[in-house]
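Everything on this sheet refers to the single structure shown next.
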Amino acid sequence: MGEDMTEQAAQAIVGDGQAISSPEAPKGSGGSPVKNKREAGTKALPKWEADARDRVRTAVRRYSKPLVDLVARDANEGDTRLLITDFLCEGLGYDKYEDLTTEYQVKGEFADYGIRIDKQLVAFIEVKRCSQKLNAKHLRQVQMYAVNEGVEWMILSNGQVWQVYHMTAGLPVIIDMALEVDLLSDASLAAKTDALFYLTKEAFKRRLIDDLWRARAATSPKSLAQVLLSDVVVEAVRKEVRRQTSYNADVTEIHRILREEVLRSEILS
């Protein structure tokens, strides 16, 4: 922790034989914001959710100035942790003593935070100094803790950017980015609140983030590429090509062209 690391894309391969899928839509920092499932309806929010969202909204406003100051003076990791601790408690609703464990020991290494809900470890948080870009090496670091402890959820943060990943156990393990939010971006306060709501204690306890992750994973570029290369879709393409051109292409050739010339190689690895 705290060491300088070369910046890598979070969409890259994580470790040997480990696939990472980073959907393009789950951001609260620009592009398509994370949307509340009730957005399309008129039903009033449950009180617990309304209260949680109000608390997050207030915290985003309150901590924007201190965060800007930390970034401006290139504050160290320790100072960044102080802000993150306050935000976890005041913004996301965690109890500093019951829900958060700092320097959580995992086989001789120490995770910055372990999050417990009802005394059950549910996530690890790895913190980097506010000026450091989050990258795949940081993700591998917190992933090691998650694998050893059997924890599904991993969070990376430098105070400004919050990234949330889900780990599916297996050989290889699958890492999916569930959401990302930049507190200092030009995104609206509502978009940032919507994204961070899923990290609140109330939402985590109800496993609402699981639904978000499943939706993002199902529509990730990698998942959609697999659908496009499935037998039923390739056969449908063959029929449409024949309808439009009168040419009866071979399904094997269509599959090869889709795989090698149409789809990006990085989403197929």
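Remarks
- Förster-model FRET efficiency, 41 Å R0, residue 96 and residue 262, C-beta, rounded to 0.05: 0.20
- Projected label distance in nm at residue 62 and residue 236, using a 7 Å step from Cα toward the beta-carbon: 5.0 nm
- Rounded Å value of the spacing that divides the Cα centres of the range 149-226 and the range 72-136: 16 Å
- Computed on the Cα atoms alone, the convex hull of the range 129-269 gives a volume of 173 cubic angstrom per residue.
- Two-site label geometry, residue 218 and residue 171: point separation in nm, points 7 Å out along Cα→Cβ: 3.0 nm
- Exposure proxy ranking for 98, 90, based on other Cβ atoms within 10 angstrom of each Cβ and starting from the fewest, stands as 98, 90.
- Mean Cβ count within 10 Å, highest first, over the residues of peptides 113-126, 130-143: 130-143, 113-126
- Entries in 107/205; 133/192; 43/192; 65/222 that, when Cα-Cα distance is taken, lie over 29 Å: 65/222
- Ranked packing of 156-169, 230-243, 57-70, 177-190, most packed first, by mean Cβ within 10 Å: 156-169, 177-190, 57-70, 230-243
- For the range 19-217, projected area of the alpha-carbon convex hull averaged over all directions, nm²: 10.9 nm²
- Neighbours of residue 123, meaning other residues whose beta-carbon lies under 13 angstrom from its beta-carbon, give a summed charge of -2 when Lys and Arg score +1 and Asp and Glu score -1.
- Extending 7 Å from Cα along the Cβ direction at residue 206 and again at residue 74 yields two label points whose distance is 4.4 nm.
- Fully extending the segment from residue 252 to residue 110 would add 46.1 nm, taking 0.36 nm per residue of separation and subtracting the current Cα-Cα distance.
- For the range 257-264, backbone phi angles converted through the Karplus equation (6.51, -1.76, 1.60; θ = phi - 60°) give residue-by-residue couplings of 5, 4, 6, 9, 10, 9, 8, 5 Hz, Gly and Pro being listed as x.
Values in this text are rule-based calculations from the coordinates and carry no lab data. This one's a predicted model, so the numbers in the text were calculated from it and none came from an experiment. With ideal geometry, Cβ positions are generated from the backbone for all residues, glycine too; neighbour counts draw on all protein chains shown.
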